[in-house]
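Working notes, beginning with the structure itself.
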Amino acid sequence: MLLRILLIILLISWLAESACPPPEKIYPFCTCREENKQSSMTCRNMQSFEDLLLPIQATVKRDMFSLHIINSSLLYIPNGLFQETNFKEEKSFAVSPRRFIRRYAKFPYLKAR
C-alpha cells in the first residue's frame, strides 16, 4: 500500500507542469531555465517582434519570473504583447549599440559614431 502511494505521488510530481514553456515553443530564439522555483526566459538575436511573438504566447497563464531580451533589433514591441502573461519581475532589454546603430544608420537623426 505504501509503495502504491509513493508511486502515485511520483507520478503526480512527474506530470506536474513546469513553469517554463516547452522548448519547442520558444526555440530558436529563446531558452528557459528554472532555479529555486523561478522561471527565467532569455531571448537572443531577434530581428522583429514576430520572433518574440510565439515565445511570449507560450508563457500565457504560466508563472514566469523574468524575461531578458539580449542582442536583438526590435523596431517596436506591440502594446498588448504581454497582456495575458504573468511575469513577476520587470522585463529587461539589452541591445548591442553597434547593432542598433548599424540597423538605423540610414536615418539622418541617428548618426553612427
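Every number here is computed from the coordinates shown, using simple stated rules; none is lab data. Just so we're clear, the structure is a prediction, and the values are computed from it rather than from any experiment. Every residue, glycine as well, gets a Cβ built from its backbone with ideal geometry; the counts of neighbours run over all protein chains shown.
Inclusion of Ser73 among residues that are in a loop (DSSP other than H, G, I, E, B) and within 19 Å of Ala94 (Cβ to Cβ) is warranted.
Applying the selection to the range 53-79, what residues are crowded, with 19+ Cβ neighbours inside 10 Å and either touching a Gly at 6+ places or on another chain (Cβ under 8 Å) or aliphatic (A, V, I, L, M) (or both)? Write out each step before concluding.
Initially, the range 53-79 is screened for residues crowded, with 19+ Cβ neighbours inside 10 Å, giving 55-56, 58-59, 64, 67, 69, 72.
Passing the criteria: Ile56, Ala58, Met64, Leu67, Ile69.
Only residues that are assigned to a helix (DSSP H, G or I) and surrounded by 14 or more Cβ atoms within 10 Å (Cβ to Cβ): list them for the range 26-52, please. Explain how you work it out, then say what you get.
First, pick out the residues of the range 26-52 that are assigned to a helix (DSSP H, G or I): 26, 49-52.
Within the range 26-52, Ile26, Phe49, Asp51, Leu52 qualify.
Does Pro55 satisfy the condition of being without any contact (Cβ under 8 Å) to a residue 60 or more places away in the chain, under 21 Å from Lys88 (Cβ atoms), out of contact with any His (no Cβ under 7 Å at 6 or more places or on another chain) and not charged (D, E, K, R)? When the stated conditions are applied, Pro55 passes them.
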